[in-house]
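> Take a look at the following structure, please.
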Amino acid sequence: MIDREQVLYIAKLARLRLAEEEVERMSAELSGILEHVETIGSLDLDGVEPTTHVVALENVMRPDEPAPSLSRDRALAGAPDGASGSFRVPSPQA
């Protein structure tokens, strides 16, 4: 079973701030997940093909075909601060 200290350690690594009731709930949920993993690990899965989905998926995206794009002037028309043909953005805060 995952105890309180382990939940707090995992939360710290993930940079999560958990309320006290969340710590207790996560302890139970993470323990349940590990029990399921142990159950799967004890099964004889020799000859079982690995899958990512239980049903076959089809690619529904359109073909990638070249098309005309916006001109530089039109792309920059809505920019709040276009400079020298580029988008100008504030420098990142340190």
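Taken together, the values in this text are just the output of simple stated rules run on the coordinates, not laboratory data. Everything quoted here is computed from the prediction, not taken from an experiment. Every residue, glycine as well, gets a Cβ built from its backbone with ideal geometry; the counts of neighbours run over all protein chains shown.
> What tally of residues in the stretch 56-94 results from selecting those that are hydroxyl-bearing (Ser, Thr, Tyr), in a loop (DSSP other than H, G, I, E, B) and touching a helix residue (DSSP H, G or I) at 6+ places or on another chain (Cβ under 9 Å)?
1
> Moving on. Taking Leu18 as meeting all but one of (1) under 22 Å from the mean Cα position of the chain (by Cα); (2) assigned to a helix (DSSP H, G or I), write down the number of the exception.
(2)
> Name the pairs: first residue in the stretch 4-32 and surrounded by fewer than 14 Cβ atoms within 10 Å (Cβ to Cβ), second residue in a helix (DSSP H, G or I), Cβ to Cβ under 7 Å, at least 6 apart or on different chains?
Arg4/Val23; Arg4/Ser27
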